[in-house]
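To start, the structure under review is shown below, and the notes come after it.
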Amino acid sequence: MTSIRLTVFLLLVLALVAIIGTLLPQGEPLDFYLARYGNSAGAFLWRFRLTQIYYGPWFLGPLSLLAANLLACLVHGLPQALSRVSRPFTGEVAAALPERGRFSWPAEVDPHGAVVTAFRQELGRPRRLVFPDQEIYLVECGRFRPLGPYIIHLALLLILVGGVLGKFWGLTGSLALGQGETAQTFVKDPRRPEQALNFQVRLDRFQVRFYPSGVPEEYRSDLTFLQDGREVRRAICRVNDPVSFGGLTFYQSSYGAQPTGPIRFKVCRGEDCHPVEAPWRRRVELPGGQAQIIALRLEGDLQGLGPAVQVAYKRGPGHPQIFWVSQNHPELAGKPGSPFWQPDEYRLTLTDLPFRYYSVLQVKKDPGVWWVYGGFILVLAGLFLAFFRSPQRWALILKKGEDGSWAGRLLGSAPRAREAFGERLTRLKERLKKGAGS
Amino acid sequence: MISLTLGGVTLAYLIAGLLFLGAGLWAAPRLQRLARALLWSGLAVHTGALLGRWLQSYSLASQHQPPAGFGELVRLVVLQAPLSNFYESLVFFSWCLPALALISFRRRLEGYLGALVATLACLLLAYASLGVDSSIKPLMPALKSNWLLIHVATCFLGYGAFALAFGAALLHLWQTRRTRPELPGRALLDPLIYQATVIGFVFLTLGIITGAVWAESAWGRYWSWDPKETWSLITWLIYATLLHARLVKGWQGRRIAWLAVFGFLAVLFTYFGVSFLLPGLHSYLT
Ligand code: HEM
C-alpha cells in the first residue's frame, strides 16, 4: 500500500479513465447512447456505468485506492519526517557535515566580523555557538522541507474528504422565479417532488442589460428573503456574486423570457391579412386552414435586434420549418439565409409580444467546500516547502591558534540541491577569502 | 498598430531563433549574445504590445460604461486584462515562452534550446496574427470576475513552462542514439527538464485552484467535469507522475524526457483539442 509504483500506476489509470470520460459523452439518458452507438454497444456502455464514469467504480475505485495509498504513506512516513524536522542543528551535527574549505586569518585580524558579513550576504543570519576551544557559526535553511510532500498529500486527502462531504451531505437544485413571485420550494431533481425551503424568497426585480451586439452584459436579481411572511433580508444576486441565506447559497445562473399573454401575429398572404392569436406552445391554424404554427421560444433580445419569437411552421405533410419572427425588424422575413427568413408565401409579423424575464437561480449547500479550500491552501504551502525550500546546512568552525591567528573550516551539505549548493559555495568562499588573509 | 507591432515581434523571434541556431552550429559566443539580446528586445516590445492591448480594451469598456470612483476603475482594469479570448490567450502564451526561458534558464538558454524556444514563440504569435479573430469583444457576465486575470495568467505560465520542459526533452531524446557535441549535453538538459516541470506544475496547480474557486463563486460548483477541467487534471496527473518518478524513484534521462513529452501533448490537447473538439463551459475561448 505504501509503494510508489502503485501510486504511479494509479495516477496513470486515473488519467486514462478521465480521458475516456471526456471522449464519451457523460450523463445522457439511455436513449441517447442507443441512438448514437447502436443497441448493443449503447446498452453495454450503460450497463457498465461508462456513461457516469466519474461517479462510478471506474473512477472512484482507483481514486479510493489512491486515497488509501496516500494515507498509508502518510502514516508510514510522517513520524519519520517529523522526527527529522525536530532534530536540532547542533555543534555535533555540524561537525559531521562534509568539509568544503579551509581558511586562516593572521593574528592581527579578527575574523568574526568578516564571517558574519559573508554568511549574512549569502545565506542569512548565522547562529553562534561558543565553546572553550572553538566557535561555530551555523546557518540552516529549508529545515521543514521534509514535511512538504506530506503536507501536499494530507491536503489532497482533505480535498477528497470535502468532495465526499459535498456528495453525501450537500444538495443542489434550481429555482426559476418571475418578477414579483415568491418561492417556498425549489427543484432538486426534475423527476421528484420539489424540496421545501424553510423560508421564502421573493424576486423583487430582475434586470438584464445587453451590449449593442445583443450579448448579455449583466443580469441580476433583487431578492428578498422572508421568514413567516416577515422580510428578513434583501440582497442582490449577480453572476459571480452569490447570496447566502439560511444555510443555502443562491447563484445567478441564467435567465429566460416567457410570454405573459397570447402572442399576436398579423398573417398575410399577398394583400390578404388577418390577425392570429397564438397561445404559448400551442398549435394554431393559419387563415385558410392550409398551415399551422407553434410559438416555441422567446428571446428578449436576439442578436441585438430586439425581442423575437421562434416559430415552427408546418404546411402539408413535410417537416416543419423553424424560423424566428422579429418584433422590431419585420423586413428580415424576406432575407434568405437569415434565421428570420420565412420561406413560404405566408408572412408573419408580430403585433403584440407581451413578455417578461424570469430569473434562474442555482441553489446549493456544500459542507465540503471549506475542506476543499483548506486543502488548496495546504497544497500551495506544501508545494512551496517541497520545491522552493531545499534543505541546506552550513557551518563555519573557528579555532584560535597558539600564536593568535585563526583557522576556519567551512562545512555544509544540501542533498537535494547540489547545483544551487555548488554556486553558493563558490560565492561564499570568495567572500570569506576576501576577508581572510589566505 | 498593435497587430503591426506584434508582426515585428514575430520577426524578431524568428531572427533570434536563426541566430541561436547559427550560434549552436558554429559555437559562436558573440552570436549567442546577439541572439539573446534580440530575444530580450522582442520580449520587451511584446510586453509593450500586451499592455497596449490592455489599455485599448480598457478604454473601449470605459467608453461603454465609465467607472465611478477609484475602486471601480481598478476593477475595470483587472477585468479588461487581455486574456479573455483565444487570440489574447495565444499572444500571452507566446509571451510566456521567452519570458520564462530567459528568466529561469538565464545563460543556459543558448544554441538549439534558444532556437527551439524562439521558434515556438514565433509560430504561436504568427498563428495568432494570421489565423485567429483578433477583435476585442465585450465580456460576458460569467467572465466578469477578478479571478479571470489570475486564473488565465497562471494556467498559461504553466503551459509555457511545460513547453520549455518539452523543448529540453526533445533535445534530450534527439541525442539518445549518439551524443551530438553541438547540442547542450544531456547532463545539462536533465535538470532543465526537471526545473521547468516544477515551475509548470506549481503554476498549473495554481491555475486549477483559482479556476475551482472561480467556478464555485460563479456557478456554485468548484468542479463539474467540464472537458477542459478534466484535461487539465489529466495533465496535472501526468506531471505528478513525472515528479514522483524523479523524486522518489530517481528516474533520470530518457524516461523523464518521454514523460515531459507526453505531458506537453496533454497540455496541447487541453488548450487546443478541447476548445475545438469537445464542447463545454470553456468553449467561449474559441
Ligand atoms: C501534487 C504534488 C505532489 C508532490 C510534490 C508530491 C511529492 C512527493 C514526494 C517528494 C514524495 C517522496 C516522499 C519522500 O521521499 O519522503 C512523494 C511520495 C509519494 N506521493 Fe506524492 N506528491 C504529490 C502529489 C501526489 C499525489 C497527487 C499523489 C497521489 C494521489 C501522491 C502520492 C504519493 C505517494 C503514494 C508517495 C509515496 C510515499 C512513500 O512511499 O512514503 N503524491 N510525493
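The values are calculated or read from the model by the stated rules, or taken from the named source; none is laboratory data. This is a predicted model, so every value here is computed, not measured. Don't worry about glycine lacking a Cβ; one is built from the backbone with ideal geometry, like all the others, and counts go over all protein chains shown. Ligands, DNA and RNA are stripped out before the accessible areas are found, and what is left, the full protein with its side chains, is counted by its heavy atoms. Shrake-Rupley method; radii C 1.70, N 1.55, O 1.52, S 1.80 Å.
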* Which listed residue, of A:Ser405, A:Ser359, A:Ser326, is buried (at least 19 other Cβ atoms within 10 Å of the Cβ) and touching a Pro at 6+ places or on another chain (Cβ under 8 Å) -> A:Ser326
* Is there any pair linking a residue in the stretch B:226-241 that is free of Cβ contacts under 8 Å to residues at least 24 places away in the same chain and at the interface with chain A (Cβ under 9 Å from one of its Cβ atoms) to one that is part of a helix (DSSP H, G or I) and aliphatic (A, V, I, L, M), with Cβ under 7 Å and at least six apart or on different chains, and which? -> B:Thr230/A:Ala18; B:Leu237/A:Leu11; B:Leu237/A:Leu14; B:Leu237/A:Ala15; B:Thr241/A:Val8; B:Thr241/A:Leu11; B:Thr241/A:Leu12; B:Thr241/B:Leu259
* Would you point out the residue of the stretch A:67-84, among those that are more than 8 Å from the ligand (Cβ to nearest atom) and small (Gly, Ala, Ser), that is farthest from the other protein chains (Cβ to nearest Cβ)? => A:Ser83
* Of the residues that sit in the stretch A:288-305 and are modelled with pLDDT of 85 or more, within 16 Å of A:Phe265 (Cβ to Cβ) and not aliphatic (A, V, I, L, M), which one is least open to solvent (accessible area, probe 1.4 Å)? -> A:Gln292
* To do: Inspect the stretch B:276-283 for any residue being in a loop (DSSP other than H, G, I, E, B), facing chain A (nearest Cβ under 9 Å) and within 16 Å of the ligand (Cβ to nearest atom) and give the result as yes or no.
  => no
* Across the stretch A:42-66, which residue is nearest to the ligand (Cβ to nearest atom) among those that are under 21 Å from B:Trp231 (Cα atoms) and among the small types (Gly, Ala, Ser)? -> A:Ser64
* the stretch A:128-157: number of residues that are within 16 Å of the ligand (Cβ to nearest atom) and out of contact with any Cys (no Cβ under 7 Å at 6 or more places or on another chain) -> 15
* Asked: Looking at (1) away from the ligand (no atom under 16 Å from the Cβ); (2) within 28 Å of B:Ala23 (Cβ to Cβ); (3) buried (at least 21 other Cβ atoms within 10 Å of the Cβ), which is the only condition B:Ala218 fails?
  -> (2)
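A quick yes/no check of all residues on (1) under 28 Å from B:Ala115 (Cβ atoms); (2) part of a helix (DSSP H, G or I); (3) away from every other protein chain (no Cβ under 12 Å):
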residue: B:Ala142; (1), (2), (3): no, yes, no
residue: B:Ser145; (1), (2), (3): no, no, no
residue: B:Ala163; (1), (2), (3): yes, yes, yes
residue: B:Phe166; (1), (2), (3): yes, yes, yes
residue: B:Ala169; (1), (2), (3): yes, yes, yes
residue: B:Leu173; (1), (2), (3): yes, yes, yes
* Matching residues in the stretch B:186-213 - criterion: being crowded, with 22+ Cβ neighbours inside 10 Å and of a type in the set (Phe, Trp, Tyr) -> B:Phe201, B:Phe203
* When only residues in the stretch A:366-375 that are surrounded by 18 or more Cβ atoms within 10 Å (Cβ to Cβ) and more than 12 Å from the ligand (Cβ to nearest atom) count, which is nearest to A:Gly170 (Cα to Cα)? -> A:Asp366
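Out of A:Arg102, A:Arg36, A:Arg87, A:Arg125, report the one residue that is charged (D, E, K, R) and within 16 Å of the ligand (Cβ to nearest atom). Talk me through it step by step, then tell me what you get.
On the way: A:Arg102 fails: within 16 Å of the ligand (Cβ to nearest atom); A:Arg36 fails: within 16 Å of the ligand (Cβ to nearest atom); A:Arg125 fails: within 16 Å of the ligand (Cβ to nearest atom).
Among A:Arg102, A:Arg36, A:Arg87, A:Arg125, only A:Arg87 is charged (D, E, K, R) and within 16 Å of the ligand (Cβ to nearest atom).
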* Asked: Is it the case that B:Gln252 is closer than 27 Å to B:Arg106 by Cβ, open to solvent by 10 Å² or more (accessible area, probe 1.4 Å) and in a helix (DSSP H, G or I)?
  -> no
* Structure fact -> Sole miss for A:Thr349 among (1) within 12 Å of chain B (Cβ to nearest Cβ); (2) open to solvent by less than 60 Å² (accessible area, probe 1.4 Å) is condition (1)
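Could you list, in sequence order, all residues of the stretch A:386-402 that are buried (at least 17 other Cβ atoms within 10 Å of the Cβ), more than 16 Å from the ligand (Cβ to nearest atom) and among the charged types (D, E, K, R)?
Quick first cut of the stretch A:386-402, residues buried (at least 17 other Cβ atoms within 10 Å of the Cβ) only: A:386-387, A:389-398.
Now drop any that are not more than 16 Å from the ligand (Cβ to nearest atom), which leaves A:392-398.
Matches in the stretch A:386-402: A:Arg393 only.
If you check B:Leu34 against the conditions, is it in contact (Cβ under 8 Å) with a residue 40 or more places away in the chain and in contact with a helix residue (DSSP H, G or I) (Cβ under 7 Å, 6 or more places away or on another chain)? Give the steps one after another, and end with the answer.
On the way: in contact (Cβ under 8 Å) with a residue 40 or more places away in the chain: no; in contact with a helix residue (DSSP H, G or I) (Cβ under 7 Å, 6 or more places away or on another chain): yes.
In short, no.
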* Asked: Which of the strands (runs of 3 or more DSSP E) contained wholly in the stretch A:232-311 include at least 3 residues that are among the aromatic types (Phe, Trp, Tyr)?
  -> A:248-259
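For the stretch B:137-148, what are the residues that are open to solvent by 50 Å² or more (accessible area, probe 1.4 Å) and either among the small types (Gly, Ala, Ser) or more than 18 Å from A:Tyr251 (Cβ to Cβ) (or both)?
Passing the criteria: B:Lys137, B:Pro138.
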* Can you spot a residue in the stretch A:30-42 that is loosely packed, with under 13 Cβ neighbours inside 10 Å and either in contact with a Leu (Cβ under 7 Å, 6 or more places away or on another chain) or polar (S, T, N, Q) (or both)? -> yes
* Confirm whether B:Gly253 is over 20 Å from the mean Cα position of the chain (by Cα), modelled with pLDDT under 90 and at the interface with chain A (Cβ under 10 Å from one of its Cβ atoms). => no
* Where A:Leu383 falls short, out of the listed (1) open to solvent by 10 Å² or more (accessible area, probe 1.4 Å); (2) within 16 Å of the ligand (Cβ to nearest atom) -> (1)
* When both residues are 6+ apart or on different chains and their Cβ atoms are under 8 Å apart, which pairs have a first residue that lies in the stretch A:76-92 and is closer than 20 Å to A:Ser390 by Cβ, and a second that is away from the ligand (no atom under 16 Å from the Cβ) and not aliphatic (A, V, I, L, M)? -> A:Phe89/A:Glu140; A:Phe89/A:Arg393
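Restricting the search to the stretch A:402-438, which residues are assigned to a loop (DSSP other than H, G, I, E, B) and under 20 Å from A:Gly91 (Cβ atoms)? Don't jump to the end; show me each part of the working.
Within the stretch A:402-438, the subset assigned to a loop (DSSP other than H, G, I, E, B) is A:402-405, A:414-417, A:436-438.
Once the filter is applied, which keeps residues that are assigned to a loop (DSSP other than H, G, I, E, B) and under 20 Å from A:Gly91 (Cβ atoms), the stretch A:402-438 yields only A:Ala414.
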* For the stretch B:221-243, enumerate the residues that are part of a helix (DSSP H, G or I) and either open to solvent by 40 Å² or more (accessible area, probe 1.4 Å) or within 13 Å of the ligand (Cβ to nearest atom) (or both). => B:Leu233, B:Ile234, B:Thr235, B:Trp236, B:Leu237, B:Ile238, B:Tyr239, B:Ala240, B:Thr241, B:Leu242, B:Leu243
